[in-house]
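Just below is one structure, and these are the notes that go with it.
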Amino acid sequence: MTIKRLGLDIDGTVTSPKTFLPYLNSSFNKQLSLDDLTEYNLANILGIGHQEFFDWLKVNEQIIYANALIADDAHPTLEAWEGNYDLFYISARGNHLLDTTKNWFTENAIPFHHIELIGKHDKIDAIKKHQVDVFFEDKYDNACDIAEECQIPVILFNTPYNRGNVPLNVARLDTWLEARHWIQQYNKKGRA
């Protein structure tokens, strides 16, 4: 199979997994580093209730997402892919953040063909609807579920919060440069 459409998560994938750290440290008087984020649930990391974290996020999400850091080498990789693949971003962000998200993409010259903010972590229906060929993710259970349910390869960017064994069609990678190489190799195999 030749890849035509790439599905991409945004937060912790296109944006750096470190994006939230300065805001968390400032708001909660912490000195967390990325290595301290050993699970996806930040309320647990902070030692606060889920509702308290949700309330904090609601107040701060607009500024965090508007000023998000781009993951190392994501920009040149996505720019190189723009003419060769459809770039479909599918994110758990709520749709009320669509303008903020599109503005961030435009201001940072990140290419996109479609952005969908579904407001939940379960992205399977959106991935199937848009006939995505490969998906890029940072959330461990999402990567596993997408790979198994959609029967497509998933690139899982390694972070301290997504450890665990993965199915065969989940490739754990450390960098966007590795992802670029993976896509090139996959396409070569598909044409063979």
What number of residues in segment 1-37 are under 22 Å from ASP55 (Cα atoms), β-branched (Val, Ile, Thr) and surrounded by fewer than 16 Cβ atoms within 10 Å (Cβ to Cβ)? 0
Please work out which residue is surrounded by the most Cβ atoms within 10 Å (Cβ to Cβ), limiting yourself to segment 161-192 and to residues that are among the hydroxyl-bearing types (Ser, Thr, Tyr) and touching an Asp or Glu at 6+ places or on another chain (Cβ under 8 Å). TYR161
Of all residues being among the charged types (D, E, K, R) and modelled with pLDDT of 95 or more in segment 165-192, which is nearest to ALA147 (Cα to Cα)? Just the residue, please. ARG172
With the first residue restricted to segment 1-23 and required to be without any contact (Cβ under 8 Å) to a residue 60 or more places away in the chain, and the second required to be outside any helix (DSSP H, G or I) and among the acidic types (Asp, Glu), Cβ contacts under 8 Å at 6 or more apart or on different chains are SER16/ASP72; THR19/ASP11
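So is PRO76 of a type outside the set (Lys, Arg), more than 14 Å from the chain's Cα centre (by Cα) and closer than 29 Å to SER33 by Cβ or not? Even if it seems obvious, please write down each step before you answer.
Details: of a type outside the set (Lys, Arg): yes; more than 14 Å from the chain's Cα centre (by Cα): yes; closer than 29 Å to SER33 by Cβ: yes.
Yes; evaluated as a whole, the condition is true for this residue.
Which residues, taken from segment 151-185, are assigned to a helix (DSSP H, G or I) and either in contact with a Cys (Cβ under 9 Å, 6 or more places away or on another chain) or not aliphatic (A, V, I, L, M) (or both)?
The initial filter retains those residues of segment 151-185 that are assigned to a helix (DSSP H, G or I), namely 176-185.
Answer for segment 151-185, where residues must be assigned to a helix (DSSP H, G or I) and either in contact with a Cys (Cβ under 9 Å, 6 or more places away or on another chain) or not aliphatic (A, V, I, L, M) (or both): TRP176, GLU178, ARG180, HIS181, TRP182, GLN184, GLN185.
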Taking only pairs six or more apart or across chains, which ones have beta-carbon atoms under 7 Å, a first residue in segment 36-63 that is in contact (Cβ under 8 Å) with a residue 60 or more places away in the chain, and a second residue that is aliphatic (A, V, I, L, M) and in a helix (DSSP H, G or I)? ASP36/ILE45; LEU37/ILE45; GLU39/ILE45
Of all residues in segment 145-160 being within 24 Å of ASP36 (Cβ to Cβ) and surrounded by fewer than 20 Cβ atoms within 10 Å (Cβ to Cβ), which is nearest to the chain's Cα centre (by Cα)? ASN158
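The values are calculated or read from the model by the stated rules, or taken from the named source; none is laboratory data. Fair warning: this is a prediction, and the values are worked out from it, not measured in the lab. Virtual Cβ from ideal backbone geometry, glycine too; neighbours counted across all protein chains shown.
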